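Worksheet: one structure, shown below.
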Amino acid sequence: MTQAPERYMGGGLPRKEDPNLVTGRANWTDNIKLPGMVHLAMLRSPFARAKVTKLDVSGALERPGVVGAFTGQELADQWPGGVPCGAQVSDQQKTPFFPPLVTDEVRHVGDVVAVVVASDRYTAQDALEAIVVDYDPLPPVVNMEAALAEGAPLVHEDLGTNECFKYTAGVEGMDELFDAPDDTQQEGGGVRGPNVGGQGDTNEALRRADVVIKERYIQQRLLPTAIEPRAVVASPEPGHEGIVMYSSTQIPHLAKIVLSLSTGIPENQIRVVAPDVGGGFGSKLNVYREEIIAVVLAKKLGMPIKYVEDRSENYQATIHGRGQIQDIELAANSDGKILGLRVKLLDDMGAYLQLLTPAIAISGAALFPGVYNFENFAIEIKGVFTNLTPTDAYRGAGRPEACYAIERAMDSLAHELGMDPAEVRRRNFFEPFDEPTANPAGLEYDSFNLQGVLERAIELADYEALRQEQQRRRESGDPVQLGIGFSTYTEICGLGPSQALAGLGIGGAGWEAANVRMLVTGKVEVATGTSPHGQGHETSWSQIAADVLGVTPDDVDVIHGDTDAVPFGRDTYGSRSLAVGGIAVYHAANKVVEKGKKIAAHMLEASEDDIEFEGGRFSVAGSPDQNVTIQDVAGAAYLAASLPEGMEPVLNETSIYDPPNFTFPFGAHICVTEVDTETGKVKLRDYIAVDDCGPVINPTIVDGQLHGGLAQGIAQALYEGVVYDEEGNLVTASMVDYMIPGAPELPNFTLDRTVTPSPSNPLGVKGVGEAGTIGAPPAVINSIVDALSPLGVKHVDMPASPMRVWKAIQNAQGKQSGDRQIDASLGASGADIRQGR
Amino acid sequence: MIPVAFDYEVAESVDHAIELLGQYGDESKLLAGGHSLIPIMRLRLAAPSVLIDLGRLENLRYVRDGGDHLKIGALTRHRDLAFNDMVAEHCGIVGYTAGLLGDPSVQHRGTIGGTLSHGDASGDMPSVITALEGSIVIQGPNGERVVKAADFFQDYMVTDLGEQEVVTEVRVPKLGQNTGWSYKKFARRSQDWAMVGVAAVVERSNGSIGSARIALTAMGATPIRATSVEQALSGASPDAVVEAAQSADEGTSPASDAAASAEFRRHLARVWTQRAVEEALSR
Ligand SMILES: Cc1cc2nc3c(=O)[nH]c(=O)nc-3n(C[C@H](O)[C@H](O)[C@H](O)COP(=O)(O)OP(=O)(O)OC[C@H]3O[C@@H](n4cnc5c(N)ncnc54)[C@H](O)[C@@H]3O)c2cc1C
């Protein structure tokens, strides 16, 4: 095969997407205006749990401009499938029916009780006030441990329990930490997916160990907060039975299937379009009740309908991320070598299961061993229903949770042994490898050079000098102490091999499709099944196609986000787009070249074997003057006046690529903090990230992904956290209270990379969308604990607000034993529960 | 995030505004920069049926020399104050604090009259004006009156303003060579409201402290003077600051909320008072 000269790949081509975005010419869903369009507003429950005893929408109908007002009873037959969940992580998983509009009981604040359709948004919103609802409030379940306690109120009475599922791996006989496994539960196992089994004898490892680190960590709930809130326009397609849904979604192709499953509208009568989408971070990897309601009503009323959520609704009704209680035991010898790891998780589902809710924790399960090579591993995960907003994928989805737990525990281990945290890591790292190598959970990592990233980060940080400064500050009793925190991570990208995804409980279909076609004028269209919402696929895919075809990126137009224009696709999430969708583009473009070669041979009257292709030109080996350009070939293929016998016209090739394995980027981060011990305020002084995501197609885009990812990871560590009160009301209900950091809160990032290609795909690429979010939280918390360890502080929960840090110091000083103190205000749901309002 | 429907009137002059207030009564609200009022309307925490816009009263946008004090027009934007030379020279704490309010767009829209009239005890400017012992000029149907800051702020979002009254001017003293100042704002993010704030105006006298005026932000329903610290510092040596600051939270009643417990706010008030007085002494 002809190797394409790498001309554009690897270069920082400016993003093709940006001119429109920065000049306000993007096509957001809310910009769509269709003739006769009406507007939808949702009446949301103010209670976390209540029976609806009376519901009367007639008052709303009397308002001028109101087109309709609907209840769940009225529309129940329109959505036989409810809001579907696409994950089944154990045979016993309890999947409640999730009605787009409730019929008798509300289960979280923001649950939808009724809707109004009106001529404009204001009228619709105001008419909600004319709907009469009587609620009979019931005690809600707002924290996971309480939810599992005997006699707890049930989020779904018909299920008889608040336990959604229990998943175990390697726990057989390991009943000291874990409940005895119930053998009807499905064990992961076989080298199939990220849910591969635990192994070894963790009991024995714990007995043998010189030290056992036993900790509880909390992954607080987070609000994904895409800059563009959710928006949908559903429109009956003129002249057809069918429906078009424009939606600010990450998953037009998945949505088409899910809408069909929910409403019974045949799949081939649904078209989904994702116009420009202003971020998602996983929150738009879902099909929401609002989308289903809009589709159903557009069809019922025969009118285009628009729904745009406001930020308050975005915080109450768009999925939340994380929400996990982690109990972890790490056993090691006095030389720092790990002997075994046991993990027990409670994972907060919220009130209903959205598309992938139960699969999130599972997808991180096999990553708890991190980048360390040891033998004994076991894990148990319970999914728990609460009367809170449903959770689902948020940037990192399962992996940040795992990375945080192991990386925090590694620092505790270093501290316990009086060892340098970098050294403890080195002693447990995998040796560099470039062929798949199993981790302690049996997950096949693709290629690592951990030593490379760690030593480079240490060099960039000037580690020795930092330790000296730290010593000086400690000795002088400076109120501002210096902290140095490490995190060495890996993660799973390139979702994913279809078989492995099936093992994960999410059906399969991890492939991606691309169509590369050359037009008669020599221009190129790439239709991709990925659905970018900020990632810059138009640019990167152009670079890939340009290099393979020997054209320029400007010659290439990338088409995406419309199920009519791109019939097959699996969309964008899980850092899958490049490692799966980009490879499909690469393969399809190569198929074009292969076909072009046959035509060129025909045109040049040479044997196909003698045709060489370079720089967009087919030539005859040995006589370079005899050549045709790929554009000439494309024209000839289109006109089809003279093609090889039996060949179909047109250069138009499709690849549907199913990857053989996931990809595993890795990296080393060092966070330098200054911690004011008098106020608890943490200042990030420096952040060094050395990441390895394999060869880079566009360094500017990769740096952008890292910056954003680091910002969100730092946000989890220091700023963001959902707070509910005991009644299940969202306290952090606006951007005033929910602390998203801005540029002033972030340091200048020092980025560097090493390049360790993945053996799994021909470009060696791995993925980078979530790296920062995964690597950053433990680096930040490790840094704070490092700064405060002379004061006896062993842990600070996230977000490490000034009050938390100050309290950790107070507690440590009051109790010299250094017993771990979980902040009293921390609810076990993983959300902060504020005591009585 | 969608406000209730309302009507909109433009005030052509202060008298016209007063007249409109009389006409519409308590259904109406004055609108200045809108950066406090509009957000609470969007959350439907306020639902005035008429907004009377003062925004075009350019004649209320000024900083003037009043001899021993500065006169600041009520419609002067935070940004104007942050970049005003006369303010920087004579009463730097006002310009400095104006530059800390929210973010640049808040500073370009928000006004000093608005932030004081709103009477939010988490606002920074109310405690600064309180520490300065400034005064507020109010115009109503019966003419003009001047109210001391200490009397103006009465309760949480309650001021001395009558129903038909408009704030027209704010007066702050010129600080002499021997007077240093500091405004210490403790916030998690740069654009956040203060979790706690401390305004300190400290007069030096022969190597010791002459007098200190300290007002606290977000430590109660109104700006609160830290009187026991002020007393302890009066005529004291700078060495007394650490000890004196320990009583900074005396007489305060801070709230407990998602951002901070009352206990933590009290602690911050002590640490921040110490640091504010130390900074004022060095400035
Ligand atoms: C994102 C954001 C961040 C902010 N951060 C801070 C901060 O950190 N610190 C801080 O102190 N403030 C902060 N603010 C508030 C900002 O300072 C406001 O602009 C200011 O508090 C109000 O000024 P305004 O001119 O916008 O008043 P408006 O919102 O127009 O009015 C506020 C109230 O005052 C009344 N009013 C206005 N002018 C007069 C007048 N001349 N006479 C009588 N009544 C009048 C109005 O009727 C209304 O009740 C923030 C605001 C936002 C939106």
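List, please: which pairs have Cβ atoms under 8 Å, are six or more places apart or on different chains, and start with a residue in segment B:27-49 that is among the β-branched types (V, I, T) and end with one that is more than 6 Å from the ligand (Cβ to nearest atom)?
Pairs that qualify, where the first residue is among the β-branched types (V, I, T) and the partner is more than 6 Å from the ligand (Cβ to nearest atom), are B:I38/B:P3; B:I40/B:A46.
Can you name the number of the only condition in (1) of a type outside the set (S, T, N, Q); (2) open to solvent by 30 Å² or more (accessible area, probe 1.4 Å); (3) at pLDDT 75 or above; (4) over 30 Å from the mean Cα position of the chain (by Cα) that A:E176 fails?
So A:E176 meets the others, but not (3).
Restricting attention to segment A:746-761, does a residue exist that is within 14 Å of another protein chain (Cβ to nearest Cβ) and in a loop (DSSP other than H, G, I, E, B)? So that I can check it myself, show each step before the final result.
In the first step, residues of segment A:746-761 are kept if they are within 14 Å of another protein chain (Cβ to nearest Cβ); the result is A:746-747.
From what is left, the residues that are in a loop (DSSP other than H, G, I, E, B) are A:746-747.
Yes, the conditions are met somewhere in segment A:746-761.
Considering each residue of segment A:524-539, count those that are open to solvent by 10 Å² or more (accessible area, probe 1.4 Å), closer than 28 Å to A:I227 by Cβ and more than 18 Å from the chain's Cα centre (by Cα), and give that number.
Summing the residues that are open to solvent by 10 Å² or more (accessible area, probe 1.4 Å), closer than 28 Å to A:I227 by Cβ and more than 18 Å from the chain's Cα centre (by Cα) in segment A:524-539 gives 1.
Going by the conditions given, is B:S208 at pLDDT below 95, within 14 Å of the ligand (Cβ to nearest atom) and not assigned by TED's automatic domain parsing to the domain that holds B:V94?
On the way: at pLDDT below 95: yes; within 14 Å of the ligand (Cβ to nearest atom): no; not assigned by TED's automatic domain parsing to the domain that holds B:V94: yes.
Here the answer is no, as B:S208 does not meet what is asked.
Any idea which residue in segment A:96-120 is farthest from the other protein chains (Cβ to nearest Cβ), counting only those that are touching a Phe, Trp or Tyr at 6+ places or on another chain (Cβ under 9 Å) and not hydrophobic (A, V, I, L, M, F, W, C)?
For segment A:96-120, the residue satisfying everything is A:P96.
Restricting to segment B:84-96, count the residues that are closer than 22 Å to B:L54 by Cβ and within 16 Å of the ligand (Cβ to nearest atom).
Counting residues in segment B:84-96 that are closer than 22 Å to B:L54 by Cβ and within 16 Å of the ligand (Cβ to nearest atom) gives 1.
Go through segment B:1-68 and tell me which strands (runs of 3 or more DSSP E), entirely inside it, have 2 or more residues that are within 12 Å of the ligand (Cβ to nearest atom).
Working: elements: B:7-10, B:28-31, B:50-53, B:63-65.
By residue number, B:28-31, B:50-53.
If I filter segment B:149-159 down to residues being within 18 Å of B:A131 (Cβ to Cβ) and surrounded by 15 or more Cβ atoms within 10 Å (Cβ to Cβ), which single residue comes out as nearest to the ligand (Cβ to nearest atom)? I'd like the intermediate steps shown before the answer.
First pass over segment B:149-159, keeping only residues within 18 Å of B:A131 (Cβ to Cβ): B:149-154, B:159.
Then keep just the ones that are surrounded by 15 or more Cβ atoms within 10 Å (Cβ to Cβ); that gives B:149-150, B:152-153, B:159.
Numbers: B:A149: 15, B:A150: 18, B:F152: 11, B:F153: 13, B:T159: 8 Å.
In this case the residue turns out to be B:T159.
Consider B:A194 carefully, then state whether it is away from chain A (no Cβ under 12 Å), closer than 21 Å to B:Q177 by Cα and assigned to a loop (DSSP other than H, G, I, E, B). Before the answer, list the steps.
Values: away from chain A (no Cβ under 12 Å): yes; closer than 21 Å to B:Q177 by Cα: no; assigned to a loop (DSSP other than H, G, I, E, B): yes.
Here the answer is no, as B:A194 does not meet what is asked.
Can you name every residue in segment A:362-379 that is closer than 14 Å to A:G398 by Cα and either of a type in the set (D, E, K, R) or in a loop (DSSP other than H, G, I, E, B) (or both)? Write out each step before concluding.
Initial filter on segment A:362-379 (closer than 14 Å to A:G398 by Cα): A:362-370, A:379.
Passing the criteria: A:A366, A:L367, A:F368, A:P369, A:G370.
Based on this model, can you work out whether B:L81 counts as outside the structural domain of B:A212 (by TED's automatic domain parsing), within 8 Å of the ligand (Cβ to nearest atom) and open to solvent by less than 40 Å² (accessible area, probe 1.4 Å)?
On the way: outside the structural domain of B:A212 (by TED's automatic domain parsing): yes; within 8 Å of the ligand (Cβ to nearest atom): no; open to solvent by less than 40 Å² (accessible area, probe 1.4 Å): yes.
When the stated conditions are applied, B:L81 does not pass them.
For residues in segment B:192-205 being within 13 Å of the ligand (Cβ to nearest atom) and touching a strand residue (DSSP E or B) at 6+ places or on another chain (Cβ under 8 Å), which is nearest to B:I93 (Cα to Cα)? Steps first, please.
Step one: filter segment B:192-205 for residues within 13 Å of the ligand (Cβ to nearest atom), giving B:192-197, B:199.
Restricting the remaining residues to those that are touching a strand residue (DSSP E or B) at 6+ places or on another chain (Cβ under 8 Å) gives B:194-197, B:199.
Details: B:A194: 16, B:M195: 19, B:V196: 17, B:G197: 13, B:A199: 8 Å.
Residue satisfying both the conditions and the ranking: B:A199.
So, in segment A:290-314, exactly how many residues are in contact with a strand residue (DSSP E or B) (Cβ under 6 Å, 6 or more places away or on another chain) and of a type outside the set (V, I, T)?
11
What pairs come up if the first residue lies in segment B:73-85 and is more than 14 Å from every other protein chain (Cβ to nearest Cβ), the second is more than 11 Å from the ligand (Cβ to nearest atom) and of a type in the set (F, W, Y), and their beta carbons are under 6 Å apart, counting only those six or more places apart or on different chains?
That search, which allows pairs on different chains as well, returns B:G73/B:Y62.
Mind counting the residues in segment B:198-214 that are assigned to a strand (DSSP E or B), open to solvent by 30 Å² or more (accessible area, probe 1.4 Å) and not acidic (D, E)?
Narrowing segment B:198-214 to residues assigned to a strand (DSSP E or B): B:198-205, B:208-214.
If we keep only those that are open to solvent by 30 Å² or more (accessible area, probe 1.4 Å) as well, we get B:203-205, B:208, B:211, B:213.
Remaining after also requiring not acidic (D, E): B:204-205, B:208, B:211, B:213.
Result for segment B:198-214: 5.
Would you say A:E525 is in contact (Cβ under 8 Å) with a residue 12 or more places away in the chain, part of a helix (DSSP H, G or I) and within 23 Å of A:M9 (Cβ to Cβ)? It would help to see each step written out before you state the result.
Working: in contact (Cβ under 8 Å) with a residue 12 or more places away in the chain: yes; part of a helix (DSSP H, G or I): no; within 23 Å of A:M9 (Cβ to Cβ): yes.
It is false that A:E525 is in contact (Cβ under 8 Å) with a residue 12 or more places away in the chain, part of a helix (DSSP H, G or I) and within 23 Å of A:M9 (Cβ to Cβ).
Need pairs with beta-carbon distance below 9 Å; first residue within 14 Å of chain A (Cβ to nearest Cβ) and more than 6 Å from the ligand (Cβ to nearest atom) and within segment B:111-126, second assigned to a loop (DSSP other than H, G, I, E, B) and among the hydroxyl-bearing types (S, T, Y); sequence gap 6+ or separate chains.
That search, which allows pairs on different chains as well, returns B:D120/B:S36; B:D120/B:Y156.
Could you tell me whether B:E27 is away from chain A (no Cβ under 14 Å), open to solvent by 50 Å² or more (accessible area, probe 1.4 Å) and either more than 21 Å from B:L60 (Cα to Cα) or among the aliphatic types (A, V, I, L, M) (or both)?
Working: away from chain A (no Cβ under 14 Å): yes; open to solvent by 50 Å² or more (accessible area, probe 1.4 Å): yes; either more than 21 Å from B:L60 (Cα to Cα) or among the aliphatic types (A, V, I, L, M) (or both): yes.
Taking the combined requirement at face value, the residue satisfies it.
Does segment A:7-23 contain at least one residue that is in a strand (DSSP E or B) and farther than 30 Å from A:I583 by Cα? Don't jump to the end; show me each part of the working.
Pass one, segment A:7-23, residues in a strand (DSSP E or B): none.
No, there is no match, as no residue in segment A:7-23 is in a strand (DSSP E or B) and farther than 30 Å from A:I583 by Cα.
Do we find a residue being surrounded by 19 or more Cβ atoms within 10 Å (Cβ to Cβ) and assigned to a loop (DSSP other than H, G, I, E, B) anywhere in segment A:699-719?
no
When residues of segment A:24-75 are filtered for being open to solvent by 40 Å² or more (accessible area, probe 1.4 Å), of a type outside the set (G, A, S) and outside any loop (DSSP other than H, G, I, E, B), how many remain?
Looking only at segment A:24-75, we keep the residues that are open to solvent by 40 Å² or more (accessible area, probe 1.4 Å), and these are A:24-25, A:27-28, A:30-31, A:33-36, A:46-47, A:51, A:53-56, A:58, A:61-64, A:67, A:73-74.
Applying the additional criterion that residues be of a type outside the set (G, A, S) yields A:25, A:27-28, A:30-31, A:33-35, A:46-47, A:51, A:53-56, A:61-64, A:67, A:73-74.
Pick out the ones that are also outside any loop (DSSP other than H, G, I, E, B) and you get A:28, A:30-31, A:51, A:53-56, A:61, A:67, A:73-74.
Residues that pass the stated criteria total 12.
Looking only at segment A:100-147, which residues are open to solvent by 10 Å² or more (accessible area, probe 1.4 Å), within 28 Å of A:L345 (Cα to Cα) and not acidic (D, E)?
Those that are open to solvent by 10 Å² or more (accessible area, probe 1.4 Å), within 28 Å of A:L345 (Cα to Cα) and not acidic (D, E): A:R107, A:V109, A:L138, A:P139, A:P140, A:V142, A:N143, A:A146.
Here is a yes/no grid of residues against (1) open to solvent by 30 Å² or more (accessible area, probe 1.4 Å); (2) closer than 30 Å to A:F568 by Cβ; (3) touching a residue at least 40 places away in the same chain (Cβ under 8 Å):
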position: A:E612; (1), (2), (3): yes, no, yes
position: A:D625; (1), (2), (3): yes, no, no
position: A:P660; (1), (2), (3): yes, yes, yes
position: A:G667; (1), (2), (3): no, no, yes
position: A:K681; (1), (2), (3): yes, no, yes
position: A:Y687; (1), (2), (3): no, no, yes
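Take the residues in segment B:118-147 that are open to solvent by 30 Å² or more (accessible area, probe 1.4 Å) and touching a helix residue (DSSP H, G or I) at 6+ places or on another chain (Cβ under 9 Å), then tell me which one is farthest from B:T168 (Cα to Cα).
The extreme case among them is B:E133.
Residue-by-condition table, conditions (1) under 30 Å from A:S487 (Cα atoms); (2) in contact with a Pro (Cβ under 8 Å, 6 or more places away or on another chain):
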residue	(1), (2)
A:P644	no, no
A:F666	yes, no
A:D692	yes, yes
A:N698	yes, no
A:D703	yes, no
A:G708	yes, no
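Select, from B:P3, B:P48, the only residue that is of a type outside the set (S, T, N, Q), more than 14 Å from every other protein chain (Cβ to nearest Cβ) and open to solvent by less than 50 Å² (accessible area, probe 1.4 Å). Can you show your working first?
Numbers: B:P3 fails: more than 14 Å from every other protein chain (Cβ to nearest Cβ).
From the options B:P3, B:P48, the qualifying one is B:P48.
The values are calculated or read from the model by the stated rules, or taken from the named source; none is laboratory data. All values reported here derive from a predicted model rather than from experimental measurement. With ideal geometry, Cβ positions are generated from the backbone for all residues, glycine too; neighbour counts draw on all protein chains shown. Ligands, DNA and RNA are excluded from the accessible area calculation, which covers all protein heavy atoms including side chains. Shrake-Rupley method; radii C 1.70, N 1.55, O 1.52, S 1.80 Å.
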